[in-house]
Protein chains: 2
Amino acid sequence: MTNVNQQEGGDEGSPSPGTSSHFEPQCGSCNLREICLPVGLPEEELAQLDRVVSQRRKVPQGQCLFRSGDRFAALYAVRSGFFKASTHLIETREQISGFSMAGELLGLDGISTGNHQLDVTALEDSEVCVIPYDQLEAVSRDAPGLQRQVHRVMSREIVREQGVMMLLGGMRAEERIAAFLLNLARRLQARGYSGRTMVLRMTREETGNYLGMTIETVSRTLSKMQAAGLVRLDKREVEILEPDRLVALLQR
Amino acid sequence: MTNVNQQEGGDEGSPSPGTSSHFEPQCGSCNLREICLPVGLPEEELAQLDRVVSQRRKVPQGQCLFRSGDRFAALYAVRSGFFKASTHLIETREQISGFSMAGELLGLDGISTGNHQLDVTALEDSEVCVIPYDQLEAVSRDAPGLQRQVHRVMSREIVREQGVMMLLGGMRAEERIAAFLLNLARRLQARGYSGRTMVLRMTREETGNYLGMTIETVSRTLSKMQAAGLVRLDKREVEILEPDRLVALLQR
DNA sequence: CGCAGAGTTGAGGCGCTTCAAGAGCGGTGG
DNA sequence: CCACCGCTCTTGAAGCGCCTCAACTCTGCG
């Protein structure tokens, strides 16, 4: 869950929120290479990607990676930690549109207009790899696999959001929570965690906002699931006791 | 609104639903060039795009442009007509994720896995320009503007969906309908229509599904808005009488 | 004319929100 | 040390918004 190179505050001289640092590029040997952008890239394109990904940036808990309105310059691959993405399309009303963990790409919202449209905030101390967009664009001209990979990731994001819409559009509280937990578990499992036990990095309020329900309903629904023996709860720790019955909740 | 070449069954041996036809490429002189992919492309890249977009396809009302599971081979630019896109992520439950009109791009959902994840259905007799994806990829290697444009369109789609999520996540019936009508009006206006009067191409059921509410609530909410003098209704025809008050509904 | 599909309208009930109170926990300072 | 505060979370009770069920209208069509 934490990082590989230097633990916290290794080098000083930070720009804006978060610390940037150069590092030896190594997408090819990164432990996230099977999940992140490098997936399936041939050796020579990996090397080209390495040339682009030359910087990392730390984002302490509570800090923004970027805010709505910020000039868009780079995509970010989550290296460690956990983020939330939210819109304020209408002032005074926040809508969380997703949560991101290691290996996932952030910043795609900025390409369209050249300015970011989302706020992205670290929910725990996190680190990202910086992928300057113009360099990525230039490099991927000679790296068809990489170009295609970028398209794939964007397309996946579009499809992911379809799922969220389905969740928000058609499901009741219990189904939403079930879908939410199963989704997190699946993603964690893909990253080598158990997929049975997990720690929610978001507050109940953030969960509720994301799922389109109030904090009280989140709490009640989770309690009810625990009473039914579906999960075991300990504050933000969740253990999925009966995944099959959770899945069954969605099949209705 | 109908077609250019031959009306239905002109040439036999058509592939799947819909008639395909070759045509003189002319993105540069298409009346949608300011809305569609060509936006802002230099002359020489336009020519390259023309080489890729060499086919049109008609899709009669009620027919699918593609279905979930279909092999992904091309993107489609809507030339005329109106489409709905829907998921069946969980069998038996449909969720409409969007409606598309002239100049908008369809098929982005297929890039991620190589198979489409959505059903896209024509809600009226429609026509699309076919953009074979591998050719687009190849061509955009030498056409940085085009490459960037594709990215932009995908990013815009991602951002668009954020808005829908906000709508589904946080709004009540009246706000959803208001947002829905204003969004349609804005898009029609961008295409040269009045933006005051429009004909809804979708049924109340489809509207409700998209907005995450029942057909009855859609109907009641529209009636209430009419009673309040916000809109005038005549079946599927909607006239927006007081846009400002509709906007105000969202500001809450 | 009768029928099917789309839409409207009404009545009642349920699920979620709202409002409110209190518990649990970490941090701070006397 | 514990009292106190702020924050998160839980739980209960009441109300309302939307859903469900049902009846009816309207339109197009054979």
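Read the figures in this text as sums done on the coordinates, not as results from a lab. Fair warning: this is a prediction, and the values are worked out from it, not measured in the lab. We place every Cβ from the backbone using ideal geometry, glycine too, and count neighbours over all the protein chains shown.
Here are a few things to note about the model shown:
- About the Cα centre, charge dipole magnitude for the range B:75-234 (Lys/Arg +1, Asp/Glu -1 at Cβ), debye: 760 debye
- For residue A:88, label point 7 Å along C-beta direction: distances to other copies, nm: 4.2
- Farthest toward positive dipole pole in the protein assembly as shown [+1 Lys/Arg, -1 Asp/Glu at C-beta], among B:26, B:126, A:171: A:171
- Ascending count of other beta-carbon atoms within 10 Å, so fewest first, for A:196, A:186: A:186, A:196
- Positive-pole candidate from A:110, A:145, A:96, dipole of the range A:90-157, charges at beta carbon: A:145
- With θ taken as phi - 60° and the Karplus curve 6.51 cos²θ - 1.76 cosθ + 1.60 applied, the whole-hertz 3J(HN,Hα) list for the range B:173-178 is 3, 4, 5, 4, 4, 4 Hz, x standing for glycine and proline.
- Test item: Cα-centred dipole of the range A:143-217, Lys/Arg +1 and Asp/Glu -1 on Cβ, debye: 460 debye
- Distant-in-sequence amide H partners of residue B:74 (H built 1.01 Å from N, under 5 Å): B:133
- The alpha carbons of the protein assembly as shown give a radius of gyration and a Dmax of 23.5, 72 Å, in that order.
- Contour excess over end-to-end distance, with Cα ends at residue B:244 and residue B:43 and 0.36 nm allotted per residue: 68.3 nm
- Residue-wise HN-Hα coupling along the range B:180-186, computed from phi with Karplus coefficients 6.51, -1.76, 1.60 (Hz; x: Gly, Pro): 4, 5, 5, 5, 4, 4, 4
- The mean number of Cβ atoms from other chains found within 10 Å of a Cβ in peptide B:83-89 is 3, as a whole number.
- Neighbour-count order for B:237, A:94, B:43, fewest beta carbons within 10 angstrom listed first: B:43, B:237, A:94
- Taking B:150, A:199 and counting other C-beta atoms within 10 Å, the order from fewest to most: A:199, B:150
- Debye intensity ratio in log₁₀ form over the Cα atoms of the range B:39-190, taken at each q of 0.10, 0.11, 0.14 Å⁻¹: -0.38, -0.47, -0.75
- Gyration tensor (alpha-carbon) shape descriptor, the range A:170-252, a/c threshold 1.5: rounded
- Residues with amide H under 5 Å from that of residue A:79, placed H, sequence gap 5 or more: A:103, A:127, A:128, A:129
- Note, ³J(HN,Hα) from phi for the range A:60-72, Karplus 6.51, -1.76, 1.60, rounded to Hz, x at Gly and Pro: x, 3, x, 8, 8, 6, 7, 10, 4, x, 4, 4, 8
- Neighbouring partner chain Cβ atoms per residue of B:94-103, average, 10 Å criterion: 3
- Taking chain B as a Gaussian network of alpha-carbon nodes connected by springs under 10 Å, the highest mean-square fluctuation of the residues B:176, B:152, B:57 belongs to B:152.
- Among the lysines of the protein assembly as shown, pairs at least eight places apart or on separate chains and with Cα atoms under 22 Å apart come to 6.
- Rounded Å value of the spacing that divides the Cα centres of the range B:118-162 and the range A:122-177: 17 Å
- Interchain or long-range residues, amide H under 5 Å from residue B:63's placed H: B:122
- Helix-only CD estimate at 222 nm, as mean residue ellipticity for chain B, using -39500 (n - 2.57) per DSSP H run (n ≥ 4): -11500 deg cm²/dmol
- Rounded to the nearest 20 debye, dipole of the range B:113-164 from Cβ charges on Lys, Arg, Asp, Glu: 400 debye
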